[in-house]
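**Q** Just passing along the structure, written as C-alpha cells.
The values are calculated or read from the model by the stated rules, or taken from the named source; none is laboratory data. None of the values given here were measured: they were computed from a predicted structure. In this analysis, Cβ positions are derived from the backbone assuming ideal geometry, glycine residues included, and neighbour counts consider all displayed protein chains.
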Amino acid sequence: MKVSFLQRLFDLPLARCCPICHAPLSADEDEICSRCDSLLPRTDHLLHPYDNAMAQVYWGRVPSVARAAALIYHFTHSESSHPLYQLKYFRRPELGVALGRLMGQAMVKSGFTDGVDLILPVPLAWQREEERGYNQSLMLAQGLSEATGIPVDNHVLVRTSFEGSQTRRTRWDRSENVKNAFVLRGGDSLANKHILLVDDVVTTGATSCACAHVLEQAHPAHISFACLAFVDDDR
Ligand SMILES: [Zn+2]
C-alpha cells in the first residue's frame, strides 16, 4: 500500500515539549525537562504538610485549616520565577495545567491529597480574567485534578469585587482589600467536605484567608491550601 506524505506525518508520534523552555522531552522526562526541573526551588512542605512556613500563615486565622503546601519558592525576578511570570502575564494557560499536574503528582506521592473531596481555585474578578484570558489558579486546579482524580468546582466560590493588584500593597492593605471580595453560590455541597483551595502565589495569605472565611460559612470538615509558589519572608 502506498503511504502518502501526510499519512506519514500523522503517524509520527506527537513530539512532547517542555512547557517551560519548549525543548523536546526525552522518554524519561514527564511534565518538564530535567534542566527546568533542576532550576525550580522546591519547598519541603510536602514532608511536613501540617507544620511548615505556609501552613503557619493560616494558624490562628483559619480554624478549619488542615494541610498546606507550595511546590516551589518564589523569588522576585529570579530565573526560577520565569514559569510563574509566563503563567500570569504571557497567556500560557497550558503551562498552568502542566504545573498543576506536577504539583498533583508530588501531592499524590506524599499523601497530601488523601481524603480531599473537592478542589476549588481562588477565583479572579471577571475584569481581570477577561484581561488575562483565563484564571491561572483554575489552570493549576485542572492539572491537579488530572493528576489526583479529585473534581474541581469552579462555580461555588465567586469573586464579587475588583480592587486591582495586591502586588504593591502592604500586609494590612492586602487584608482590607480582599476582606469582602468573595461570596458563596450554593455552598450546601461543601458541608462536611475536605476542600483543597488552590492559588498561584501565596505571600501574606490575605486572599486565601478571605476565601477560607467565606468557605467556613458552609461548614466544611477541613480546608487545605495548595499553591504553586510561596513567598517566604524569612528566607
Ligand atoms: Zn524545560
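**Q** Restricted to region 89-115, and to residues that are surrounded by fewer than 16 Cβ atoms within 10 Å (Cβ to Cβ) and among the small types (G, A, S), which residue is nearest to V152 (Cα to Cα)?
**A** Filtering region 89-115 for residues that are surrounded by fewer than 16 Cβ atoms within 10 Å (Cβ to Cβ) and among the small types (G, A, S), the one nearest to V152 (Cα to Cα) comes out as G115.
**Q** Restricting attention to region 20-39, and to residues there that are more than 10 Å from the ligand (Cβ to nearest atom) and not acidic (D, E), which single residue is surrounded by the fewest Cβ atoms within 10 Å (Cβ to Cβ)?
**A** Only one residue tops the list, namely A27.
**Q** Hey, another quick one. When residues of region 85-96 are filtered for being under 18 Å from S34 (Cα atoms) and either aromatic (F, W, Y) or at pLDDT below 90 (or both), how many remain?
**A** Going through region 85-96 one residue at a time, the tally reaches 0.
**Q** Same structure, new question: Filter region 51-77 down to the residues that are assigned to a helix (DSSP H, G or I) and out of contact with any His (no Cβ under 7 Å at 6 or more places or on another chain), then identify the one that is surrounded by the fewest Cβ atoms within 10 Å (Cβ to Cβ).
**A** The extreme case among them is Q56.
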